[in-house]
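A short reminder: the numbers here are calculations on the coordinates, not readings from a lab. Computed from a predicted model, the values in this text were never measured in an experiment. Positions of Cβ are generated from backbone atoms using ideal geometry, with glycine treated the same way; all protein chains shown enter the neighbour counts.
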Amino acid sequence: MQLLEIESLTKNFGGVQALNRVSFNVKKHEILATIGPNGAGKTTLFNVITKVFPATSGKVKFKGADITKFKSHEIAESGIARTFQNVRTLNDLTALDNLMIGCHRLTNTGLFGSLLSSPKARKEEQRIKEISLECLALVGLEKDAYRLAGDLPYGTRKLLELARALGSNPDLLLLDEPVAGLNDAETEHMAQLLRELQERGKTCVLVEHQMEFVMECSNRVIVLNYGNKIAEGTPAEIQNNPEVIAAYLGEEHSA
């Protein structure tokens, strides 16, 4: 079953074409990696999917529905969550508070109910807290729940971002460079987490430069270069694709 369908997606910034008629599908319960040299359009792809930027043309379909013109919060509510290249934790709040804020789309209590601390609001708050603690435990951060996010090491804050994305119970996770800046042990831990999430029925699309991680974790790989999709296949197929090798090393080295 196709969970996400990208159809001829194009994004122009003035005279610069960051994405050029990119098309691919994401199957339910798979891990799809998006790779390519710097400036290939990988993060732009995520930004267009999540409506940080509007598409110039093309379509984004999620669970069969056209979400191309959805607003960012509507895309999140539909079941898509993402992380970013640069860690975006709220450093003056605890790890648990960061998670609880990320669970906002699961609440139904209105503003006045929250301000008055109605029984419904208190019940929802307790439910959100329990969900948040479960997500922290899933990524191995239960012991850090009440530490300030700003006091956590960089690798731990990367895990916190993943836990926060999981807090909204998404159907699709978009992970932008999840192991950038991590050491070998942290990278292996992230790989194990992605495999566990896949076993739990999650679907992931990741952007990553760490090729060993990509080849170990992903079921399929798509390759972008100068905004164009130049290859798609299994990790083994991509490793041996001459056009991909040329994109990374140049024609002379490829030859």
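For the range 1-106, the set of trypsin sites (Lys or Arg not before Pro) satisfying both a DSSP loop assignment and a count of at most 11 other C-beta atoms within 10 Å is given as LYS69, LYS71.
Quick one: angle between helix 154-167 and the longest Cα principal axis of the chain, in degrees between 0 and 90, rounded to 10, please. In the chain, helix 154-167 runs at an angle near 70 degrees to the longest axis. Based on Cα contacts under 8 Å between residues 6+ apart, the chain shows a relative contact order of 26 percent. Extension gain, SER78-ALA236: 0.36 nm per intervening residue step, less the Cα-Cα distance, totals 53.6 nm.
Pairs exceeding a 25 Å alpha-carbon distance, out of LYS42/LYS69; LYS61/LYS229; LYS27/LYS51; LYS28/LYS71; LYS27/LYS69; LYS123/LYS158: LYS123/LYS158. Quick check: the distance between the Cα centres of the range 25-67 and the range 128-185, to the nearest angstrom? Going from one Cα centre to the other spans 23 Å. Spin-label pair ASN12-ILE245: with each label point 7 Å from Cα along the Cα-Cβ axis, the two points sit 3.6 nm from one another. Per the Kirkwood formula applied to alpha carbons, the chain shows a radius of gyration over Rh ratio, Rg over Rh, of 0.99.
Here is the result for the range 145-189: no GluC sites (Glu not before Pro) lie in DSSP coil with at most 13 other C-beta atoms within 10 angstrom of their C-beta.
Distance between the pseudo-spin-label points of LYS120 and ASN219 (7 Å out from Cα toward the beta carbon): 3.9 nm.
Let me have the relative contact order for the range 15-86, percent, based on Cα pairs under 8 Å that are six or more residues apart.
Reported relative contact order: 22 percent.
Residue exposure proxy: ARG200, ARG122, ARG157, ordered by other Cβ atoms within 10 angstrom of their Cβ from fewest to most, comes out as ARG200, ARG122, ARG157. One chain, two ends: MET1 and GLU134. Fully extended at 0.36 nm per residue, the span grows by 45.0 nm beyond their Cα-Cα distance.
Counting 0.36 nm for each residue step from LYS28 to ASN86 and taking away their Cα separation leaves a gain of 18.2 nm.
How many percent of DSSP beta bridges within the chain run antiparallel, rounded to 5? Intermediate results must be reported in sequence, preceding the final value.
Numbers: 21 of 37 bridges.
Taking every DSSP beta bridge with both residues in the chain, the antiparallel ones total about 55 percent.
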